[in-house]
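Mind having a look at this structure? Questions to follow.
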Amino acid sequence: MSSSVIKSWADAEDEIPSPEVTTNPDGTKTVISYRLNTKGQKVKITQKIREVKVKEKVHPLIAQRKNWKKYGKEKNTPPGPDTRTTQLGEKVDLKLGTSWKEIEKQEEETKAEQSAQLVSTQRIKCRTCGGDHFTSKCPFKDTLIGEANSASSTPELAEPGLSSTGKYVPRHLRKDATGNTVARDPGSRDDSNTLKVSQLNSIVDEDMLRNELFTKYGPLQRAIVVRNRETGESRGFAYVTFMSEHRAEEALRDLNGKGYHSLILHLEWPKKRK
Amino acid sequence: MRPIKLMGHERSLTQVKFNREGDLIFSVAKDSTASIWYSSNGERLGTLEGHLGTIWSIDMDSETKLCATGSADLTIRLWKVETGECVFTWEMPSPVRRVAFAPDDSRLLAVTDQVMGRTGTISVFNINYGGDYTQQEQEPEVVIETRTDSKKVTVAGWTANSEYIIAGHEDGSVSKYNSKTGEFIQSVQAHGIHNEEKVVSISDIQFAPEDGSYLITSSKDKCAALIDVESLEILKVYKADAPMNTAAITPVKDFVILGGGQEARNVTTTAESQGKFEARFYHKIFVDEIGRVKGHFGPLNSIAVHPDGTGYASGGEDGFIRLHYYDKSYFEFEYDTERTERAIASGTT
């Protein structure tokens with residue numbers, strides 16, 4: 001093969017000193033050349049070069065053919081592979097062996113497993129418990145949903161239009177100022193545990209109902225003092241929903257006709273109840 | 001190993017071939033240009049322009065001076081490889097499916113297709129190396145017509161001494177003819193007997209790289225067969241799970257490479273993994289499948305092995321040629337029995 005020494009590219013520059021070549025005693029060459037960098041500064045480059053002649057014996061016909069001129073579609077293209085027609089492919093494996101089928105099968109299986117894991121860890125997240133399954137398949141579906149809802153109730157007071165997660169909550173599902181969800185559709189509401197408390201003093205509010213008047217009868221599902229829309233002043237009656245009908249009955253029996261904040265309470269089942 | 005992708009063709013490849021020294025790869029495709037590549041770096045030396053239809057086959061003489069292409073445009077063209085000039089054109093009555101130079105370079109065979117009311121033939125032309133190669137005889141020296149008891153010839157090749165022509169037929173049989181007289185000598189049913197496949201057409205024939213004393217045929221019946229040239233005895237049968245389009249015998253190592261895959265017309269209707277578009281390596285003697293090389297996304301139409309045994313090139317229906325050079329592990333692979341046998345042999349001597 002014919003080998004040609006590539007001359008330094010710096011040769012072309014005229015204001016730059018020509019490269020100095022010194023031969024070292026160990027047979028290597030030191031080439032000191034200069035060039036201008038992008039800022040216009042002169043840069044000194046010192047290269048140590050060892051020249052090795054690699055002799056390759058090829059068939060004389062091959063050597064002859066190496067020097068053929070290109071023709072056809074390749075006419076006038078520069079020497080060397082053209083990236084339009086010649087590219088390196090991706091690495092492929094050839095693992096020779098009688099058990100190649102099993103090995104390949106195993107590899108495919110592990111790959112499938114890995115991709116399945118990726119899918120489950122990256123894409124699926126339960127909205128209820130945060131686990132790697134669909135929300136509808138959550139094992140805590142029945143137990144956790146209630147908690148999740150109540151947990152998001154506190155910060156809501158500041159921004160009534162938004163829930164804690166920033167999602168829009170329709171008006172009829174929003175909590176009111178006291179932390180109760182007001183169901184606007186009377187037809188769907190279960191009134192069996194509810195009592196109407198009338199002849200309340202106007203100073204009585206929901207907290208007082210929950211924490212003073214009805215503490216004996218367990219926590220209240222709901223306590224609403226009906227107020228004047230404009231002034232917010234109590235209209236003197238309230239609806240109270242107990243956890244059970246039994247509790248409501250107890251409260252009705254005990255408190256009906258008793259005095260509370262200078263007035264005699266009147267408790268009754270709401271009107272719709274037969 | 002990292003293959004070199006040769007992407008000079010616009011349509012599916014029909015044949016790829018190394019020259020005798022293995023420094024050039026010749027490839028033909030359905031896009032009517034032939035390409036010649038340097039095998040060392042994948043650089044394209046040039047293209048052969050002039051055909052007007054699919055080129056089915058290409059072959060070159062032993063010194064890579066001339067190459068011939070057989071095309072569906074009813075011509076065989078003879079080209080000077082150095083310059084890419086077409087020096088002669090033979091007009092044929094029907095499409096040319098296969099061309100092959102005799103090992104002594106003196107003659108060229110051409111298999112013509114049995115279409116358009118023509119009988120399929122093997123025509124043998126004399127090649128005149130005098131002058132600038134343009135003085136060739138238009139008429140073939142010998143014409144072997146399809147025998148009445150057989151189906152048309154699909155592929156053909158020369159025995160090492162250039163005396164006989166071995167032909168593969170559409171009915172899966174392999175027959176031997178005298179190349180001088182065209183006389184039929186013998187025939188063997190090589191395909192269609194190993195399984196129940198209906199289509200048994202022979203798709204490729206390649207001779208042993210060392211001495212040409214045996215050959216391999218691939219067939220649409222999902223098998224490849226190793227056949228002795230002298231007696232036409234079936235030596236080995238390699239079974240695959242898809243129609244095979246090509247088969248090659250590797251030098252240095254005792255392997256054969258099979259290529260094929262699902263029929264091209266079914267490719268778009270199934271997943272890539274179903275297509276079986278891999279080069280399959282079988283052990284030549286133990287007949288086991290020992291490995292596969294992925295890469296093509298269409299069936300493999302032609303495989304050629306480097307004469308030095310250092311690599312192979314495959315041309316696919318996808319229009320790409322992939323040129324592979326083997327890793328070290330390829331040369332180190334041995335069966336346990338081979339290894340022990342060698343150890344015993346070296347121990348006793």
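Describe numerically, in nm with one decimal, the distance between label points set 7 Å from Cα along Cα→Cβ at A:SER18 and at A:GLN87.
Once both label points are built, they end up 4.5 nm from each other.
In whole Å, what are the extents of segment B:1-82 along the principal axes defined by its C-alpha atoms, from largest to smallest?
39, 28, 16
Here is a follow-up. Averaging sequence separations of C-alpha pairs under 8 Å and six or more residues apart, then dividing by the length of chain B, give the relative contact order as a whole percent.
13 percent
Take every Cα pair under 8 Å in segment B:15-139 that's 6+ residues apart, average their separations, divide by the length, and report that relative contact order as a whole percent.
The value is 15 percent.
At q = 0.08, 0.17 Å⁻¹, what is the log10 ratio I(q)/I(0) for segment B:18-163, with the Debye formula run over Cα points and no solvent?
These q points yield log10 I(q)/I(0) values of -0.20, -0.92.
With every atom except the alpha carbons ignored, what do you get for Rg and Dmax of segment B:90-227, in angstroms?
Just the Cα atoms of segment B:90-227 yield Rg and Dmax of 15.0, 53 Å.
For peptide B:45-52, what's the mean number of Cβ atoms from other chains within 10 Å of each residue's Cβ?
That works out to 4 on average.
On to the next question. For chain B, state the average projected area of the convex hull of the C-alpha atoms over all orientations, rounded to one decimal in nm².
Reported value for the Cα convex hull: 18.3 nm².
Using Cα-Cα distances under 8 Å and only pairs 6 or more residues apart, what relative contact order does segment A:194-268 have, in percent?
41 percent
With viscosity set to 0.692 mPa s and temperature to 37 °C, compute the Stokes-Einstein D of the protein assembly as shown, Rh being the Kirkwood radius across alpha carbon pairs; µm²/s, no decimals.
For the chosen part, D equals 102 µm²/s.
Let me ask something else about it. Write down the Kirkwood hydrodynamic radius of segment A:194-268, to one decimal in angstroms, obtained as one divided by the mean of 1/r over all alpha carbon pairs.
So the Kirkwood estimate lands at 12.2 Å.
Can you give the net charge of the other residues whose Cβ lies under 13 Å from the Cβ of B:ASP211, counting K and R as +1 and D and E as -1?
Here the charged neighbours net out to -3.
Divide by every residue of the protein assembly as shown the summed helix terms, -39500 (n - 2.57) for each DSSP H run of at least 4, and state the resulting mean residue ellipticity at 222 nm, rounded to the nearest 500 deg cm²/dmol.
Roughly -3500 deg cm²/dmol at 222 nm, from the helical runs in the protein assembly as shown.
Would you kindly derive the ³J(HN,Hα) couplings of segment A:73-87 from the backbone phi angles with the Karplus curve 6.51 cos²θ - 1.76 cosθ + 1.60 (θ = phi - 60°), listing them in order in whole Hz, with x for Gly and Pro?
Result, rounded to whole Hz: 5, 8, 4, 6, 7, x, x, x, x, 8, 5, 6, 10, 10, 9.
Ranked by Cβ crowding within 10 angstrom, fewest neighbours first, how are A:ARG227, B:ARG107 ordered?
A:ARG227, B:ARG107
Taking neighbour Cβ counts within 10 Å as the exposure measure, how do B:TRP90, A:TRP269, B:TRP79 sort from fewest upward?
Fewest to most other Cβ atoms nearby, the residues stand as A:TRP269, B:TRP90, B:TRP79.
Right, another one. Compute the distance in nm between two label points, each set 7 Å from the Cα along the Cα-to-Cβ direction, one at A:PHE134 and one at A:THR231.
5.6 nm
Just how far, in whole angstrom, is segment B:36-67 from segment A:85-104 if you go by their alpha carbon centroids?
One Cα centre to the other: 28 Å.
Let me spell out the model: positive unit charges on the Cβ of Lys and Arg, negative unit charges on the Cβ of Asp and Glu, origin at the Cα centre of the protein assembly as shown. What dipole size does that give, in debye rounded to 20?
Result for the protein assembly as shown is approximately 2980 debye, rounded to the nearest 20.
For chain B, take the longest principal axis of its alpha carbons; what is the angle in degrees between that and the long axis of helix B:336-348, to the nearest 10 within 0 to 90?
Between helix and principal axis, roughly 80 degrees.
No value in this document is a laboratory result; all are computed from the given coordinates. Computed from a prediction, not measured in an experiment: that's the story for all the values here. Cβ atoms come from the backbone with ideal geometry, glycine included; neighbour counts cover every protein chain shown.
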